[in-house]
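Working notes for the structure below.
The values are calculated or read from the model by the stated rules, or taken from the named source; none is laboratory data. Just so it is clear, the model here is predicted, and its values are computed rather than measured. Here the Cβ is made from the backbone with ideal geometry for all residues, glycine too, and neighbour counts use every protein chain on show. Areas reflect the complete protein model, heavy atoms only, side chains present, ligands, DNA and RNA absent. Shrake-Rupley method; radii C 1.70, N 1.55, O 1.52, S 1.80 Å.
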Amino acid sequence: MSDTPLAAVVAPPPHDRPLPEAVRLLARRHRPRSYEAIPWLVAIAGYFAFPDYLQLGAQVFIAILFALATDLILGYGGVITLGQAAFFGSGAYVCGIVSAHGWTEPLTLVVIGAAAAALVGLVSGFVVLRTSGLTQLMLTLIVAVMLGEAANKATSVTGGANGLQGMVISPILGIFDFDLYGQTAYIYCLVLLFLGWLAVRIIVYSPFGRTLTGIRESEARMHAIGSPVFRRRLTAYVISAALCGVAGALLAETTSLVALDALSFERSGAVVIMLIIGGLGRLYGAFLGVPIYMILQDRFAQADPTYWYFWIGIFLLAIVLFARGGILGLIERAARLVRK
Amino acid sequence: MADVFSAVISIAFHGVAFAMVLYLISVGLSVTMGLMGFVNLAHGVFAAAGGYVMTTLFNDYGVPFPLAVAIAAIVVGAGSVALERTLYRRFYGGDELDQVLMTIALVFISIAGAKYIWGSEQAPMHPPPYLAGQVELIGRDFPTYRAFIIVAGAVLVTLLWLGLDRTRLGAKIRAAVDNRRMAQSVGIDTSSLFSFTFALGTGLAALGGALGAELLPVFPGYALDNLILFLIVVAVGGLGTIRGPFFAALLLGVADTAFKYLVPEFGSFFIYALTLVILLVRPKGLFGQIGRA
């Protein structure tokens, strides 16, 4: 072995010998697959098929981006969080406040919102990620309710319970103005969602993403092989926060309004529920769970607003009892059955 | 000076009354979380149920107040066993996230159920005549009902602690909380012990919800709105401890009353900040033991 030239070890095996199955699997893992185009094709088709629902569509994209960012820390990072609204709301409020004070360029506003949320993520992550279990859950929750309470009381800055007013948003790139039908908002949010998805996809398939999954599966083992567990988690937490901030800023820009519900516990809870419905830690859970949740909410709330809670509760119970892994988990199981 | 003194007395009085209610509701949560390692976000549902059953019996059927409270606690405690056997049990030792979702689903269903049965208004709570009005203590007037809550709470807490310290059943529960596997291997039937402890915890929560209906109004969103409050008491007190939540409830009850009295413009902000700091310094809570979940 020692006299084998290095080149012979490194050189690819000759073409007539197939690669071992494991190697091929690993090499294939991150390649784009045909089904990954489906959400984007649906979104583009939606633009032409439902011209009256473009505003709603933009809201769905924003929620998907929010859920995708949450998936990074919850599904991949394994941090049970009930406080993601802290980042969403920070992004929305900072974007809104800056725009109300005269800086109206939408793309820089998104960056500002993301930076603000990342900062909140860095500071709170430093605290939250030092703990585990119930304490961690509590701390994520408390950070969000504290910010909500602060926004509620700081009426001179945030408008308090009346919401932030007076936002002005310039046309995107100086050309595309936000219109009444939401055509601009739809495309704008779709493009940013795509970029966000691309970022998350690259992250979860990168060595860094594998470390995250490793930490989720066994923190002790990752410590044992020398992985800087806390730093990795904190990095993921900040990235997730920044993306949540982008989603929040988009909401502020497309609706020209920021209300207290951007920071509410309901928002933190709903995003987790949407992810679970779709399928956690699967990259596409958000794309399924969010539209299903929002459509169901819309339907049930129209038919019987009082009992929306009842049906979502039953639906959730069914998922937890019979369909762990959400809808994508079901699809995976079905696919495995078919292949057998 | 007299004003400051009177404010301190008033804050202490109302704070302690609030703390009693908080403790009665939260102690069961601490024990179930510690004993079964179960993240039970639906605990407030049982407190709300207690409040609803009590007010219905008391207001609509003229059942005497003490009896209505007792029936509420027993009905909810017994009813919760059915839930424990059918739903909770499946998730013991499972994924925390599944537990979170299952219990959140229960909260949602309870909100709709409460709206359906009792409407979206707050359940009316008027103390019985002999507990209404004011009572004079050390030369000052205090609301009789709150004084009653303090006394009743103190009696219940004493009974609970004595029961856990002195009875065989209490010893079993303590053993199971401390080390479930060891308890099992010395022949304690932890499965039925779980059911009993769960019923005890929810029964106490119902008691707290019923007695505290005047402080924490009972309405459909009760379990969701007060969730953070109950969780804070448990997290600050220390998971799985029985005395921890008592001191946490005292601390938070008095602090909350004080902050709301002194700086009402900040609302609950300080309580959250206080909790954040405590959990930062002692992640396992004030009375939690380091090295135990």
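If I filter segment A:130-160 down to residues being part of a loop (DSSP other than H, G, I, E, B) and closer than 27 Å to B:Val263 by Cβ, which single residue comes out as nearest to the other protein chains (Cβ to nearest Cβ)?
Once the filter is applied, the top-ranked residue is A:Ala154.
Output the residues belonging to segment A:304-340 that are within 16 Å of A:Gly269 (Cβ to Cβ) and away from chain B (no Cβ under 14 Å).
none
Please verify whether segment A:66-76 includes one or more residues that are of a type in the set (D, E, K, R) and open to solvent by 40 Å² or more (accessible area, probe 1.4 Å).
Applying the first criterion (of a type in the set (D, E, K, R)) to segment A:66-76 yields A:71.
Those still in the list that are open to solvent by 40 Å² or more (accessible area, probe 1.4 Å) too: none.
Looking through segment A:66-76, none of the residues is of a type in the set (D, E, K, R) and open to solvent by 40 Å² or more (accessible area, probe 1.4 Å).
Could you check segment B:151-175 and list, in sequence order, the residues that are of a type in the set (Gly, Ala, Ser) and touching a residue at least 12 places away in the same chain (Cβ under 8 Å)? Steps first, please.
To start, the set of residues in segment B:151-175 that are of a type in the set (Gly, Ala, Ser) comprises B:152-154, B:163, B:170-171, B:175.
B:Ala152, B:Gly153, B:Ala154, B:Ala175, listed by residue number.
Just to be sure, is B:Leu22 part of a helix (DSSP H, G or I) and closer than 15 Å to B:Gly208 by Cβ?
On the way: part of a helix (DSSP H, G or I): yes; closer than 15 Å to B:Gly208 by Cβ: yes.
Judged against the criteria, B:Leu22 is a match.
With the structure loaded, tell me whether B:Ser195 is within 14 Å of another protein chain (Cβ to nearest Cβ) and not aromatic (Phe, Trp, Tyr) or whether it fails that test.
no
For segment A:229-261, name all the residues that are modelled with pLDDT of 90 or more, more than 21 Å from A:Thr184 (Cα to Cα), of a type outside the set (D, E, K, R) and open to solvent by 10 Å² or more (accessible area, probe 1.4 Å).
A:Leu234, A:Thr235, A:Val238, A:Ile239, A:Ala242
Inspect all residues belonging to segment A:120-129 and state whether any of them is within 14 Å of chain B (Cβ to nearest Cβ), open to solvent by less than 10 Å² (accessible area, probe 1.4 Å) and part of a loop (DSSP other than H, G, I, E, B).
No, segment A:120-129 has no match at all.
Answer yes or no as to whether B:Lys115 is among the charged types (D, E, K, R), surrounded by 18 or more Cβ atoms within 10 Å (Cβ to Cβ) and out of contact with any Leu (no Cβ under 9 Å at 6 or more places or on another chain). Don't jump to the end; show me each part of the working.
Details: among the charged types (D, E, K, R): yes; surrounded by 18 or more Cβ atoms within 10 Å (Cβ to Cβ): yes; out of contact with any Leu (no Cβ under 9 Å at 6 or more places or on another chain): yes.
Judged against the criteria, B:Lys115 is a match.
So, A:Ser264, is that one crowded, with 19+ Cβ neighbours inside 10 Å and either under 23 Å from A:Ala37 (Cβ atoms) or under 18 Å from the mean Cα position of the chain (by Cα) (or both) or not? Give the derivation first.
Numbers: crowded, with 19+ Cβ neighbours inside 10 Å: no; either under 23 Å from A:Ala37 (Cβ atoms) or under 18 Å from the mean Cα position of the chain (by Cα) (or both): yes.
So A:Ser264 does not fit the description; no.
Every residue in segment B:139-150 that is free of Cβ contacts under 8 Å to residues at least 24 places away in the same chain, open to solvent by less than 40 Å² (accessible area, probe 1.4 Å) and assigned to a strand (DSSP E or B), please.
Selection gives B:Pro143 alone.
Conditions (1) open to solvent by less than 10 Å² (accessible area, probe 1.4 Å); (2) part of a loop (DSSP other than H, G, I, E, B); (3) more than 24 Å from B:Ala171 (Cα to Cα), marked per residue:
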position: B:Asp3; (1), (2), (3): no, no, yes
position: B:His14; (1), (2), (3): no, no, yes
position: B:Asn40; (1), (2), (3): yes, yes, no
position: B:Phe46; (1), (2), (3): no, no, yes
position: B:Gly50; (1), (2), (3): yes, no, yes
position: B:Met54; (1), (2), (3): yes, no, yes
position: B:Asn59; (1), (2), (3): no, no, yes
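Cβ-Cβ below 7 Å, separation at least six or inter-chain, first residue in segment B:182-199 and closer than 21 Å to B:Asn40 by Cβ, second among the aliphatic types (A, V, I, L, M) and open to solvent by 50 Å² or more (accessible area, probe 1.4 Å): which pairs?
Every condition considered, the pairs that remain are B:Ala199/B:Ala78.
Restricting to segment B:61-109, name every residue that is of a type in the set (Gly, Ala, Ser) and surrounded by 14 or more Cβ atoms within 10 Å (Cβ to Cβ).
First, pick out the residues of segment B:61-109 that are of a type in the set (Gly, Ala, Ser): B:62, B:68, B:70, B:72-73, B:77-80, B:82, B:93-94, B:105.
Once the filter is applied, which keeps residues that are of a type in the set (Gly, Ala, Ser) and surrounded by 14 or more Cβ atoms within 10 Å (Cβ to Cβ), segment B:61-109 yields B:Ala68, B:Ala70, B:Ala72, B:Ala73, B:Gly77, B:Gly79, B:Ser80, B:Gly94, B:Ala105.
Yes/no per residue for (1) at pLDDT 90 or above; (2) open to solvent by less than 40 Å² (accessible area, probe 1.4 Å); (3) of a type in the set (Asp, Glu):
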position: A:Gly174; (1), (2), (3): no, no, no
position: A:Asp177; (1), (2), (3): no, no, yes
position: A:Ala185; (1), (2), (3): no, yes, no
position: A:Tyr188; (1), (2), (3): no, yes, no
position: A:Val191; (1), (2), (3): yes, no, no
position: A:Thr213; (1), (2), (3): no, yes, no
position: A:Ser218; (1), (2), (3): no, yes, no
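When B:Ala17 is evaluated against the numbered criteria (1) touching a strand residue (DSSP E or B) at 6+ places or on another chain (Cβ under 9 Å); (2) at pLDDT below 85, which criterion, by number, is the only one it fails?
(2)
Can you name every residue in segment B:239-281 that is part of a loop (DSSP other than H, G, I, E, B), within 12 Å of another protein chain (Cβ to nearest Cβ) and in contact (Cβ under 8 Å) with a residue 24 or more places away in the chain?
B:Leu239, B:Gly240
List, please: which pairs have Cβ atoms under 8 Å, are six or more places apart or on different chains, and start with a residue in segment A:273-299 that is more than 13 Å from chain B (Cβ to nearest Cβ) and end with one that is surrounded by fewer than 24 Cβ atoms within 10 Å (Cβ to Cβ) and of a type in the set (Lys, Arg)?
Sorted first by the residue in segment A:273-299, then by its partner, the pairs are A:Leu283/A:Arg201.
Please count how many residues of segment A:55-65 are buried (at least 24 other Cβ atoms within 10 Å of the Cβ) and modelled with pLDDT under 90.
Total meeting the criteria: 1.
Within the bounds of segment A:186-197, is there any residue that is of a type outside the set (Gly, Ala, Ser) and assigned to a loop (DSSP other than H, G, I, E, B)? Explain how you work it out, then say what you get.
So in segment A:186-197, the residues of a type outside the set (Gly, Ala, Ser) come out as A:186-195, A:197.
If we keep only those that are assigned to a loop (DSSP other than H, G, I, E, B) too, we end up with none.
Checked segment A:186-197: no residue is of a type outside the set (Gly, Ala, Ser) and assigned to a loop (DSSP other than H, G, I, E, B).
Filter segment A:113-133 down to the residues that are under 14 Å from A:Leu147 (Cβ atoms) and among the hydrophobic types (A, V, I, L, M, F, W, C), then identify the one that is farthest from the chain's Cα centre (by Cα).
A:Val127
Please go through segment A:295-320 and give me each residue that is open to solvent by 50 Å² or more (accessible area, probe 1.4 Å) and within 26 Å of B:Asp95 (Cα to Cα), ordered by number. Write out each step before concluding.
Restricting attention to segment A:295-320, the residues satisfying the condition of being open to solvent by 50 Å² or more (accessible area, probe 1.4 Å) are A:295, A:297-300, A:302-305, A:307, A:309-311, A:314-315.
Selection gives A:Tyr309, A:Phe310, A:Trp311, A:Ile314, A:Phe315.
What is the residue count in segment A:77-107 for residues that are in a helix (DSSP H, G or I) and either more than 14 Å from every other protein chain (Cβ to nearest Cβ) or surrounded by fewer than 24 Cβ atoms within 10 Å (Cβ to Cβ) (or both)? It would help to see each step written out before you state the result.
We begin by selecting, within segment A:77-107, every residue in a helix (DSSP H, G or I); these are A:85-100, A:106-107.
After this cut, where a residue has to be either more than 14 Å from every other protein chain (Cβ to nearest Cβ) or surrounded by fewer than 24 Cβ atoms within 10 Å (Cβ to Cβ) (or both) as well, the list is A:87-100, A:106-107.
Qualifying residue count, segment A:77-107: 16.
Taking segment B:81-138 only, how many residues are assigned to a helix (DSSP H, G or I), more than 14 Å from chain A (Cβ to nearest Cβ) and under 16 Å from B:Thr55 (Cα atoms)? Full working, then the answer.
Looking only at segment B:81-138, we keep the residues that are assigned to a helix (DSSP H, G or I), and these are B:81-86, B:88-91, B:96-118, B:129-131.
Then drop every residue that is not more than 14 Å from chain A (Cβ to nearest Cβ), which leaves B:81-82, B:84-85, B:129-131.
Now restrict to residues that are under 16 Å from B:Thr55 (Cα atoms): B:129, B:131.
Result for segment B:81-138: 2.
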